[in-house]
Amino acid sequence: MELTSLPTEIYLTHPQRSLGKVHLDWLPQPGAYLEHEDKTYTVLERRHRYQLKGGRYQLHQIALYVQASTWVGERTLWQGRWVIGDASCRLNAHSELIRCAVNPDGPCQDCRFYEPAD
């Protein structure tokens, strides 16, 4: 069985629920973006599930744990990589997964906590 033909279960982390099974033609790594049913998700974790067959363990299924990407349209190029929100703010996490601690859901525009970075 080829890796790309394995069923991949997609789990949303918040609220916790399954988004269904798909067959992907690539193996997304944590931090990658995944399009599923016209929505964009960020891959947080990838787990492999094995099954014992003929005295050997074989890769049976892949599970992806994702979060909804609410940043679509709101990201900044910072030191050669894309980060969520306004990277010029001192409070920005400079992360592909979280915007900042005080306003994680955003938006950054007109945020009352904005502080210019030094």
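Every read-out reported here was derived from the displayed coordinates using simple, explicitly stated rules and does not represent laboratory data. Quantities reported herein were computed from a predicted structural model and do not represent experimental measurements. Using ideal geometry, Cβ is built from the backbone for each residue, glycine included, and neighbour counts are taken over all protein chains shown.
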### Message
Could you tell me what a quarter of the Cα convex hull surface of segment 72-118 works out to, in nm² with one decimal place?
### Response
3.1 nm²
### Summary
By Cβ neighbour count within 10 Å, fewest first, Asp110, Asp105 rank Asp110, Asp105
### Query
By DSSP, what percent of the beta bridges with both residues in the chain are antiparallel, rounded to the nearest 5?
85 percent
### Query
Any idea what the alpha-carbon Rg over 2.2 N^0.38 Å comes to for the chain?
1.32
### Task
Convert each backbone phi in segment 80-91 into a coupling constant with the Karplus relation 6.51 cos²θ - 1.76 cosθ + 1.60 (shift: θ = phi - 60°), then list the ³J(HN,Hα) values in order as whole Hz, x for Gly and Pro.
x, 9, 7, 10, 6, x, 8, 5, 7, 7, 4, 8
### Task
Whole Å is fine, so just give me how far the alpha carbon centre of segment 28-49 lies from that of segment 69-118.
21 Å
## Note on the structure
Listing Asp38, Asp25 by rising number of other beta-carbon atoms within 10 angstrom, fewest first, gives Asp38, Asp25
### Query
How would you rank Ser69, Ser95, Ser18, going from fewest to most other Cβ atoms within 10 Å of each one's own Cβ?
Ser18, Ser95, Ser69
### Query
Are there GluC sites (Glu not before Pro) in segment 4-83 that DSSP puts in a loop and that have at most 11 other Cβ atoms within 10 Å, and which ones?
Glu37
### Query
³J(HN,Hα) across segment 44-50 via Karplus (A = 6.51, B = -1.76, C = 1.60, θ = phi - 60°), whole Hz, x for Gly/Pro?
9, 7, 10, 10, 9, 10, 10
